[in-house]
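S.K.: Here's a structure for you.
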């Protein structure tokens, strides 16, 4: 067997696999011999079917299968031994992909197109400078966090009038367009959380209402829409299209969240006995916790900035025509050329980032060691147990659980991606100059949402 490489340009090449009878004849004969021993042909006992009859019946299919096997093994070996850095995998040649005669098998040639990964440099040096945006932890944010903690550990009490953050236990009655009660319409009791009502008109109409008051509302205006609206009205989501947009909401009960008192009992419940002993220490602890909480968000914004900069400034040429054919050839479902053209820019952008990340890892000898992956997975398991207030299992069970998780391909890929992102973040933070900028929480949220 022989593999001939023909370079079309820096990014495209053709591999021709040439096979002679000596490369495949024995394996074809051995396979047909196995067929002969098990073939059931009328008039012949099992194992006594003439070889010529088996060859006539199965020869072409077996030859095709064995040739395919030999060609794939030969291609993979050639690519590995010659250290070809290819994109995707070889696909049948565009203009010509096969030479040979199955009815008179002799020399066969299989022609494949390959796309070659480009050579490029990543424009990242210790002189590169990027903003590292942090949330400014001011008194306003600290007080807001403390208020949220008080509400979270507070208790619901009955209220006299509906406030902007209260919860209403209400009866919903479906109305006609003239606001008369619809005969056979919906009658259902549910809750409305004023905190999450975004419609200004509905919020204004309900604010200040007292028990027994009736207000005309659009159910979509006092819910999150879709499944949430259907659940509030006690119906299936698919039935919403037949429902009126006018309902009579009767306030049956008003529940007000009474914040927890800032006392030692709350401090101990939040942070452990004796860790925080007064409001001054509470504010210091909340500030520290907030700073830690926003580190990951700051890191993600920082990496996003580097990512966008590298995608823009790294000169990478791709074998675009080959890749579009490769996408079409390897797609399980039928995909049109128009659809490929529409989605290709996004695919190419993702591929460029993979190449950039791979080069950074290779050039800087960044690796994901097996032991490191196991320990990272164990850490994820411990965090999951802690979320539910449960103690982590012992070391033996923890390791076994981590190994089981990593045997799942999807889970393993997810974990490797998380670790790669973490390694990349560490590399960027150690390599470039970071210009730290503190901005308000609201501005940070707006920036992160872009």
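Coordinate-derived values only; no laboratory data. What you are looking at is a predicted structure, and each value in this text was computed from that prediction instead of being measured. Note that we place each Cβ from the backbone using ideal geometry, even for glycine, and neighbour counts take in every protein chain shown.
S.K.: What distance in nm lies between label points placed 7 Å from Cα along the C-beta direction at residue 213 and residue 245?
M.R.: Rounded to a tenth, the inter-label distance reads 2.4 nm.
S.K.: Kindly express, to the nearest 10 degrees and within the range 0 to 90, the angle between helix 139-152's C-alpha long axis and the longest C-alpha principal axis of the chain.
M.R.: So the helix axis and the longest Cα principal axis differ by about 90 degrees.
S.K.: Alpha carbon centre of the range 398-447 versus the range 110-131: separation in Å?
M.R.: Distance between centres, Cα-based: 22 Å.
S.K.: For helix 395-407, what angle does its Cα long axis make with the longest principal axis of the chain, in degrees from 0 to 90 and rounded to 10?
M.R.: 60 degrees
S.K.: Additional query: Using alpha-carbon positions, what is the distance between the centroids of the range 324-341 and the range 7-29, in Å?
M.R.: Result: 26 Å between the Cα centres.
S.K.: Estimate the FRET efficiency between residue 203 and residue 297 by the formula 1/(1 + (r/R0)^6), using the beta-carbon distance for r and 25 Å for R0, to the nearest 0.05.
M.R.: In this case the efficiency is close to 0.25.
S.K.: Please give the contour-minus-distance gain from residue 328 to residue 101: 0.36 nm per residue of separation, less the Cα-Cα distance, rounded to one decimal in nm.
M.R.: Gain on stretching residue 328 to residue 101: 79.0 nm.
S.K.: How large is the helix-only mean residue ellipticity at 222 nm for the chain, computed as the sum of -39500 (n - 2.57) over DSSP H runs with n ≥ 4, divided by its residue count, in deg cm²/dmol to the nearest 500? Walk me through the numbers before you get to the answer.
M.R.: Details: 13 runs with 221 residues, N = 450.
It comes out at -16500 deg cm²/dmol, rounded to the nearest 500.
S.K.: While we're looking at this one, here's another question. Using Cβ contacts closer than 10 Å as the measure, can you line up 283, 127, 94, 342 from fewest to most?
M.R.: Least crowded to most crowded, the residues run 127, 342, 94, 283.
S.K.: Another one. Describe numerically, in nm with one decimal, the distance between label points set 7 Å from Cα along Cα→Cβ at residue 231 and at residue 140.
M.R.: 3.3 nm
S.K.: Next question, about the same structure. What's the FRET efficiency of residue 252 with residue 147 using the Cβ-Cβ distance as r and R₀ = 30 Å, to the nearest 0.05?
M.R.: With a Förster radius of 30 Å, E is 0.60.
S.K.: Gain in length, residue 268 to residue 372, computed as 0.36 nm per residue apart minus the alpha-carbon separation, to one decimal in nm?
M.R.: Net length gain for the segment: 33.9 nm.
S.K.: Please figure out what share of the DSSP beta bridges in the chain is antiparallel and state it in percent, rounded to the nearest 5. Spell out each step's value before the answer.
M.R.: Details: 45 of 52 bridges.
So the antiparallel bridges in the chain amount to around 85 percent.
S.K.: Could you work out how much longer the chain between residue 285 and residue 311 gets when fully extended? Use 0.36 nm per residue separation minus the Cα distance between them, nm to one decimal.
M.R.: That pair, residue 285 and residue 311, stretches by 5.4 nm at full extension.
S.K.: Against the longest principal axis of the chain, how steep is helix 370-387, in degrees 0 to 90 to the nearest 10, with axes from Cα atoms?
M.R.: 30 degrees
S.K.: So if we plug the beta-carbon distance of residue 449 and residue 187 into 1/(1 + (r/R0)^6) with R0 = 41 Å, what FRET efficiency do we get, rounded to 0.05?
M.R.: In this case the efficiency is close to 0.55.
S.K.: Another question, if that's okay. For the range 2-116, just the Cα atoms, rotate onto the principal axes and tell me the three extents in Å, largest first.
M.R.: Between the extreme Cα coordinates on each principal axis of the range 2-116 lie 61, 24, 22 Å.
S.K.: So how compact is the range 155-258: Cα radius of gyration and Dmax in angstrom?
M.R.: Considering the range 155-258 through its Cα atoms, Rg and Dmax are 13.1, 40 Å.
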